[in-house]
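Student: The structure under discussion is supplied below as structure tokens; questions concerning it will follow.
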Amino acid sequence: MAAFEMGRRLAASVGENSETINGPNDAARLLIPLLRPLRKETFAILCLDTRARAISIRKISVGSLNASIAHPREVFFEAIQESAASIIVAHNHPSTSPDPSPQDIEVTDKLVQCGQVLGIPVLDHLIIGSDRVHSVMDGKNWPK
């Protein structure tokens with residue numbers, strides 16, 4: 001029942017009436033309930049419209065206890081299907097620490113490059129740990 005309630009609340013927070021996502025804290029508020037409780041690394045995408053409102057949140061991949069693989073093809077397939085103007089990607093670190101690994105940085109760089117080619121900016125990559133959230137891009141891609 002708790003999972004259904006969490007899904008209902010998440011669905012109510014995205015879509016036509018959702019609030020504007022102005023920075024990592026706004027995005028984290030939507031993504032934490034989805035990713036923090038999971039025991040395996042899970043990669044998700046938050047699609048935004050032209051007004052930076054959340055359109056959808058989609059799980060892209062589920063990895064193991066400490067590894068998740070997200071290919072740009074899958075990430076941008078979802079973004080294109082949703083007609084996203086921009087995206088925020090996120091994944092959890094079930095091991096508690098949200099500090100980025102070298103692979104996290106590499107994936108972020110690849111996604112940013114692909115987003116530039118496709119015209120769908122990657123605003124941020126959030127890593128959600130058990131007690132805090134880390135913004136890989138430190139807010140540098142957010143519109144001013």
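Student: Starting from the 7 Å offset along Cα-to-Cβ, what nm value, one decimal, do you get for the label separation of Asn22 and Ile80?
Tutor: Once both label points are built, they end up 3.4 nm from each other.
Student: What FRET efficiency do you get for Leu118 and His71 if R0 is 22 Å and r is their Cβ-Cβ distance, rounded to the nearest 0.05? Could you put the intermediate results ahead of the total?
Tutor: Details: r = 14 Å, r/R0 = 0.64.
Once the sixth-power term is evaluated, E becomes 0.95.
Student: Related question: Run the simple label-point estimate for Leu38 and Ser130 please: 7 Å along Cα→C-beta, distance reported in nm.
Tutor: 1.8 nm
Student: Over region 28-88, with every protein chain in place, what whole percent of the accessible area is carbon and sulfur at 1.4 Å, could you tell me?
Tutor: 55 percent
Student: Counting other Cβ atoms within 10 Å, keep those with at most 15, restrict to DSSP loop, and tell me which trypsin sites (Lys or Arg not before Pro) in region 41-121 are left.
Tutor: Arg51
Student: Where in region 112-140 is the amide nitrogen less than 20 Å from a point lying 7 Å along the Cα-to-Cβ axis of Ser95?
Tutor: 125-137
Student: Running Debye on region 16-144 with equal point scatterers at the Cα sites and no solvent, what base-10 log of I(q)/I(0) appears at q = 0.17, 0.23 Å⁻¹?
Tutor: Log-scaled intensity ratios, in q order: -0.79, -1.53.
Student: Still on this structure, please answer the following. With +1 on each Lys and Arg Cβ and -1 on each Asp and Glu Cβ, how big is the dipole of region 29-144 about its Cα centre, in debye rounded to the nearest 20?
Tutor: My answer is approximately 320 debye.
Student: Here is a further query. Which whole-number value in Å² is the accessible area per residue of region 25-140, probe 1.4 Å? Let's see the in-between values first.
Tutor: Numbers: 5760 Å² over 116 residues.
Ligands and nucleic acids excluded, the figure is 50 Å² per residue.
Student: Just to be sure I understand the curve: with the Debye formula and one point per C-alpha of region 36-102, what is log10 I(q)/I(0) at q = 0.14, 0.16, 0.22 Å⁻¹?
Tutor: -0.43, -0.55, -0.89
The values are calculated or read from the model by the stated rules, or taken from the named source; none is laboratory data. These numbers were taken from a predicted model, which means no experiment stands behind them. So basically every Cβ, Gly included, is an ideal-geometry build from the backbone, and we count neighbours across all protein chains shown. Side chains are part of the model used for accessible areas, which takes the heavy atoms of the whole protein and leaves out ligands, DNA and RNA. Shrake-Rupley method; radii C 1.70, N 1.55, O 1.52, S 1.80 Å.
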